[in-house]
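The values are calculated or read from the model by the stated rules, or taken from the named source; none is laboratory data. For clarity, every value in this text was computed on a predicted model and none was experimentally measured. Here the Cβ is made from the backbone with ideal geometry for all residues, glycine too, and neighbour counts use every protein chain on show.
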């Protein structure tokens, strides 16, 4: 990106986008739709006088996805960056406006242009898989809430079978359960329609503790194991990798996991680890050994989490299912 002469910072909101050219120091607001994107490109061409330009904006979910899809379709170079990275590179900022945010994004893009890598849009299958997994999680949470409400209502009623509220809750629970099942069927279709995804899913399913949801989430978050070079990088992404905290000779704390990470993936790996400890003899022995060494229970579970991540990357890289070596020990 160091050969580019101009960067356009874009602050994306639901209905509008604010663009700021860093070198030209001009700003303009556009609509967050196809017409607005076309006007943006024409405006940038006039403002920058045809010099090489790349675009930089924050990842704001569905709002920025439309812009990314359009730029990708026009083969225009862009960088979709984490909002936290941009925020922490901005220093102390006392004011907040869309114009100021756009200028800070442009400043970030220009300062770090030699380190930034052009972004690409995920495949249609990958995007749909992410949407379905997120929708499934939301429906499962809603269903769990309704089940809790129904359980509390039954305590105070003499006959829950005739109560109108309980009947309505049961119908809602049954309906949501059917919707979750339908989404899972569609997710399976997406996985099995792609040869590479299907193979990796079957390899991941050979691991104790890794079920349908965890395997699908691993495939999605790793970009079908193309996004991360090794399991340690993914462990850092999930927030399960321990980091040192030292300063001089007086501060030497034990290594701890950083609070920044994908909490959803970390939670799923925690549940997978507990299941693996119960059903995998190797991991159960490993977990008990860590406890015997005097390690905290959660620290031992985190060690198992990293073991599972390492195994997941190993079976995919090797291309063969996981084999429990204890079964073949002499």
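Applying the selection to segment 198-227, what residues are in the same structural domain as residue 312 (by TED's automatic domain parsing) and either more than 28 Å from residue 257 (Cα to Cα) or surrounded by fewer than 17 Cβ atoms within 10 Å (Cβ to Cβ) (or both)?
223, 226, 227
Give segment 218-239 a look and list any residue that's closer than 17 Å to residue 201 by Cα and in a helix (DSSP H, G or I), or say none.
Once the filter is applied, which keeps residues that are closer than 17 Å to residue 201 by Cα and in a helix (DSSP H, G or I), segment 218-239 yields 218, 219, 220, 221, 231.
I need the full set of residues from segment 106-132 which are crowded, with 16+ Cβ neighbours inside 10 Å and either touching a helix residue (DSSP H, G or I) at 6+ places or on another chain (Cβ under 6 Å) or free of Cβ contacts under 8 Å to residues at least 12 places away in the same chain (or both), in order please.
108, 121, 129, 132
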